[in-house]
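The values are calculated or read from the model by the stated rules, or taken from the named source; none is laboratory data. The structure presented is a predicted model; accordingly, all values stated were derived computationally and were not measured. Every residue, glycine as well, gets a Cβ built from its backbone with ideal geometry; the counts of neighbours run over all protein chains shown.
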Ligand code: TXA
Ligand code: MG
């Protein structure tokens, strides 16, 4: 398994050129990448992830200039955001050119496109003559991977190589945004805060679920979910309520004396939302490996990256 993980860009380039898949590091989460212009590679992505084909993929490119090859228009607000935040945790939904296969967009006329901010993956993209389609490198609906080992643990048997770029700096998926009207629309809360976006474009609309709306695929209410059930609320009350069960605690910063340390994770003892975001998916994985009946957790402050974390928490508990 370990030989499958490494920093060998040549190996990654040659596998991708051969139509194979490679897991890649990004600043948000690890991606399961393949040639975005090759239908066979795209089919492999859906198969390895066990992902339904109605759930479209994000296309990763190396520069803003390259955007023009793949999209028909580049609205003013999209341009502003691109100039301020790309490379970075931002995905633009823009009208696609024909060159983007329908399988990438699940038949939509818009393609989701972003420039990842990770030196290894940017070098990889520089060396490839095509963009990379890459969903998060986890089985469909499970917790997203934020280091190479997470990918190996779950998809190691199914993919030929994992480029190891260390732990993800941001730790939450990109924020997805579209531009049908003067007000941009947020489709997925993510690693770029809404506050930062609004500072550039003015107020946005937020339209982020639900499971019953097939026009918003990937926003299924059960997502980012551990195998162990998750309950969200006031932790003191939940601990009381589940006193006859084996519990794990995921708190923002508090510790609880009545619960053994081994069963508790604090997202950020300093109450820092960026740190909490970085730790969030690893913490979920760690708790999911314990011999417990339920994971008890709480919402974080609804501001900055706290909003994206709360969105993931709700979905992990199927409250979305
Ligand atoms: O940070 C990220 O965005 C990571 C890294 C690997 O880049 N990728 C990621 O991909 O989160 P994935 O497949 O786990 O989530 C992509 C979601 C889809 O589920 C869907 O909600 C949305 O992006 N999406 C992609 N293409 C779309 C399209 N054409 N129209 C509407 N939504 C789209
Ligand atoms: Mg995902």
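Here are the numbers:
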item: Unmet criterion (only one of (1) at pLDDT below 95; (2) closer than 18 Å to residue 145 by Cα; (3) exposed (fewer than 15 other Cβ atoms within 10 Å of the Cβ)) for residue 316; result: (3)
item: Residue check, residue 249 at pLDDT 95 or above, touching a helix residue (DSSP H, G or I) at 6+ places or on another chain (Cβ under 7 Å), surrounded by 13 or more Cβ atoms within 10 Å (Cβ to Cβ) and closer than 20 Å to residue 314 by Cβ; result: yes
item: Of all residues in the stretch 47-75 being within 16 Å of ligand 2 (Cβ to nearest atom) and more than 16 Å from the chain's Cα centre (by Cα), the one that is nearest to residue 119 (Cα to Cα); result: 48
item: Pick from the stretch 62-86, criterion in a loop (DSSP other than H, G, I, E, B) and touching a residue at least 60 places away in the same chain (Cβ under 8 Å), ranking: surrounded by the fewest Cβ atoms within 10 Å (Cβ to Cβ); result: 75
item: Total residues in the stretch 192-228, condition modelled with pLDDT under 95, away from ligand 2 (no atom under 16 Å from the Cβ) and touching a strand residue (DSSP E or B) at 6+ places or on another chain (Cβ under 8 Å); result: 1
item: Odd one out for residue 117, checked against (1) closer than 18 Å to residue 9 by Cβ; (2) in contact with a strand residue (DSSP E or B) (Cβ under 9 Å, 6 or more places away or on another chain); (3) crowded, with 17+ Cβ neighbours inside 10 Å; result: (2)
item: Matching residues, the stretch 291-320, being part of a loop (DSSP other than H, G, I, E, B) and without any contact (Cβ under 8 Å) to a residue 60 or more places away in the chain; result: 291, 300, 301, 302
item: Residues being assigned to a loop (DSSP other than H, G, I, E, B) and either in contact with a strand residue (DSSP E or B) (Cβ under 7 Å, 6 or more places away or on another chain) or more than 17 Å from residue 282 (Cβ to Cβ) (or both) - total across the stretch 157-174; result: 7
item: Residue tally, condition part of a helix (DSSP H, G or I) and within 20 Å of residue 174 (Cα to Cα), over the stretch 260-282; result: 10
item: Qualifying residue in the stretch 146-168 (condition: within 16 Å of ligand 2 (Cβ to nearest atom), surrounded by fewer than 21 Cβ atoms within 10 Å (Cβ to Cβ), at pLDDT below 95 and over 21 Å from residue 117 (Cα atoms)); result: yes
item: Given (1) outside any loop (DSSP other than H, G, I, E, B); (2) in contact (Cβ under 8 Å) with a residue 24 or more places away in the chain; (3) surrounded by fewer than 20 Cβ atoms within 10 Å (Cβ to Cβ), number of the condition residue 12 does not satisfy; result: (3)
item: In the stretch 28-60, the residues that are within 8 Å of ligand 1 (Cβ to nearest atom), part of a loop (DSSP other than H, G, I, E, B) and over 15 Å from residue 100 (Cβ atoms); result: 28, 29, 30, 51, 55
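Here's the yes/no breakdown for (1) crowded, with 24+ Cβ neighbours inside 10 Å; (2) out of contact with any helix residue (DSSP H, G or I) (no Cβ under 9 Å at 6 or more places or on another chain):
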| residue | (1), (2) |
| --- | --- |
| 98 | no, yes |
| 101 | no, no |
| 105 | no, yes |
| 123 | no, no |
| 127 | no, no |
| 132 | yes, no |
